[in-house]
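**Student:** After the structure tokens below, expect a handful of questions from me.
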Amino acid sequence: MIEVDGDQFELDAVAEKVAASASVDGLIHIANTPKQIKQLWSTRKALSLSLRKIAPKKINEDVVVPVSNIPALINGLQALSKQYQTPIVNFGHAGNGNIHVNLLVQLGKLETAKACLADVFELVIALNGSLSGEHGIGLEKRDYISLELDPTAISIMKKIKAQFDPGNLLNPDKVFPIN
């Protein structure tokens, strides 16, 4: 799904160029009306919830890589999916390199999925990316933050947090690994 934006007098021409560039038989449909646009966005918004029905558990992470590294990321994710025999569904914001990586976890395969996720994060960092594109580090990624930041950077960040939150009341135990 590609959305173009810009000068209203040039949008049709831009959309046609994008469609021609991305054209694969049977895969291009241009939404021209507000109703068609709404239908496409409804489908996109339903995707994440639909994935929860395919597998008993879904691990979803947002990562970001330079736009030029998106093909390498997608190829790497396909290889990890095959290696760990864990389905991975990706979607996101190609314009800024932010990709939502969804690991579909089958019963009894949580440890395998966690190992796969660790390799996903290592792949992202190897591609000059970041562990979070828009949703932050939180609890899920805190144990991986040292892949992206060195001990000095983490120490400085902890000191800044302590300055503004000396009682550690705001989001305790999030972002920074627990030592």
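The values are calculated or read from the model by the stated rules, or taken from the named source; none is laboratory data. Given the structure is predicted, the values throughout are model-derived calculations rather than measurements. All Cβ positions, even for glycine, are placed from backbone atoms using ideal geometry, and neighbour counts span all protein chains on display.
**Student:** Pick from 107, 147, 73, 123: which is over 21 Å from residue 54 (Cβ atoms) and out of contact with any Gly (no Cβ under 8 Å at 6 or more places or on another chain)?
**Tutor:** Exactly one of 107, 147, 73, 123 is over 21 Å from residue 54 (Cβ atoms) and out of contact with any Gly (no Cβ under 8 Å at 6 or more places or on another chain), namely 147.
**Student:** Based on this model, can you work out whether residue 86 counts as polar (S, T, N, Q), surrounded by 13 or more Cβ atoms within 10 Å (Cβ to Cβ), assigned to a helix (DSSP H, G or I) and at pLDDT 95 or above?
**Tutor:** No.
**Student:** Here is a further query. Given (1) surrounded by fewer than 15 Cβ atoms within 10 Å (Cβ to Cβ); (2) closer than 29 Å to residue 173 by Cβ; (3) out of contact with any Asp or Glu (no Cβ under 8 Å at 6 or more places or on another chain), where does residue 134 come up short, assuming only one miss?
**Tutor:** Here residue 134 meets the rest and fails (3).
**Student:** Here is a list: 53, 58. Which entry is basic (Lys, Arg) and touching a helix residue (DSSP H, G or I) at 6+ places or on another chain (Cβ under 7 Å)?
**Tutor:** None of the others qualify; the one that does is 58.
**Student:** Name the pairs whose Cβ atoms lie under 6 Å apart, with the first residue in region 104-123 and assigned to a helix (DSSP H, G or I), the second of a type outside the set (A, V, I, L, M, F, W, C), and 6 or more positions between them or separate chains?
**Tutor:** Listed by first residue and then by second, the contacts come to 112/84; 113/86; 116/84; 116/86; 121/144; 123/76.
**Student:** Hey, another quick one. Only one of (1) surrounded by 15 or more Cβ atoms within 10 Å (Cβ to Cβ); (2) over 21 Å from residue 145 (Cα atoms); (3) at pLDDT 95 or above fails for residue 93. Which number is that?
**Tutor:** If we test residue 93 against (1) surrounded by 15 or more Cβ atoms within 10 Å (Cβ to Cβ); (2) over 21 Å from residue 145 (Cα atoms); (3) at pLDDT 95 or above, just (3) comes out false.
**Student:** Can you tell me which of 45, 82, 57, 35 is basic (Lys, Arg) and closer than 26 Å to residue 174 by Cα?
**Tutor:** Result: 57 is the single residue among 45, 82, 57, 35 that is basic (Lys, Arg) and closer than 26 Å to residue 174 by Cα.
**Student:** Okay, moving on. Could you give me the residue pairs with C-beta distances under 9 Å whose first residue belongs to region 156-179 and is free of Cβ contacts under 8 Å to residues at least 12 places away in the same chain and on the phi > 0 side of the Ramachandran plot, whose second residue is part of a helix (DSSP H, G or I) and among the aliphatic types (A, V, I, L, M) wherever it lies, and which are 6+ apart or on separate chains?
**Tutor:** Partner pairs satisfying both residue conditions: 168/162.
**Student:** Which one is nearest to residue 132 (Cα to Cα), of the residues in region 145-168 that are touching a helix residue (DSSP H, G or I) at 6+ places or on another chain (Cβ under 9 Å) and outside any helix (DSSP H, G or I)?
**Tutor:** 149
The rows are residues; the columns are (1) modelled with pLDDT of 95 or more; (2) assigned to a helix (DSSP H, G or I); (3) within 15 Å of residue 124 (Cα to Cα).
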residue: 58; (1), (2), (3): no, no, no
residue: 62; (1), (2), (3): no, no, yes
residue: 74; (1), (2), (3): yes, yes, yes
residue: 79; (1), (2), (3): yes, yes, yes
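**Student:** Given the structure, is residue 45 of a type in the set (D, E, K, R), surrounded by fewer than 11 Cβ atoms within 10 Å (Cβ to Cβ) and free of Cβ contacts under 8 Å to residues at least 24 places away in the same chain?
**Tutor:** Yes, satisfied.
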